[in-house]
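Working notes, structure below.
The values are calculated or read from the model by the stated rules, or taken from the named source; none is laboratory data. It should be emphasised that the depicted structure is a prediction, and the values quoted were computed from it without experimental measurement. Here the Cβ is made from the backbone with ideal geometry for all residues, glycine too, and neighbour counts use every protein chain on show.
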């Protein structure tokens, strides 16, 4: 796909809440993004809230995810946002209504209705989590927000403008980045390696993402590096991540984040995450670089 005529859409920003979303970390990430005028094509294989994509707004981009329901939402926002807004406006923040919508069979809905359902559940469920059981059914409980914004018309329309010309794929990360070559920039934000056996939140959908997937991801990154691609990876500061990347010459950058998803409030709070890159950061400010 050739780069399309592109101008920055002021106000384009994530419209979904997402566990591990990067909106709050963009200021820390910013010094380490490669200059966009030198990037031929941008890949983001774990869409989530697409915070990095909306921040960079690259002229030529491929966004993908293994979660077909999530990708479909982005496709609807991109292609039919006004119809989506009309359906979203019908939804209401009510406990009984929430469970009625959650129990719907998505297969019996139109793409626009499915997208509106996912956004509604996302905006009104507990902590804005997205989680599926083994049958692929959304199973997060009602969130009890007083007045959540279910239909943010302005944000959806801005996001739609920002998504114009973007390729959207339902695909495993390794497949979606297979065409990447020298001059391309790939940002990976996978489900993180758990910090402990009790903090395992890797199964946000029915596919899961375990240690073998982390190793497969590392191998994909090594291959991209050998092809001359610029790669950035977000992950937790754990022994497995150091094992996979520590001896390969990657740069490790310490990021200060907050962990807000835990059933016990005392276990939420500031933590250190890692940003791992395979290129020299464009900024001269390298105070956060840490040893591997």
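Annotation note: of 34, 45, the sole residue that is touching a strand residue (DSSP E or B) at 6+ places or on another chain (Cβ under 9 Å), touching a residue at least 60 places away in the same chain (Cβ under 8 Å), surrounded by 21 or more Cβ atoms within 10 Å (Cβ to Cβ) and in the same structural domain as residue 270 (by TED's automatic domain parsing) is 45. Inside segment 209-259, residues that are at pLDDT 95 or above and at positive phi make up a count of 1.
Residue-level check: of (1) surrounded by fewer than 20 Cβ atoms within 10 Å (Cβ to Cβ); (2) over 15 Å from the mean Cα position of the chain (by Cα), residue 98 misses just (1).
The residues of segment 208-238 that are in contact with a strand residue (DSSP E or B) (Cβ under 8 Å, 6 or more places away or on another chain), under 15 Å from residue 179 (Cα atoms) and part of a helix (DSSP H, G or I), listed by number, are 221, 224, 225.
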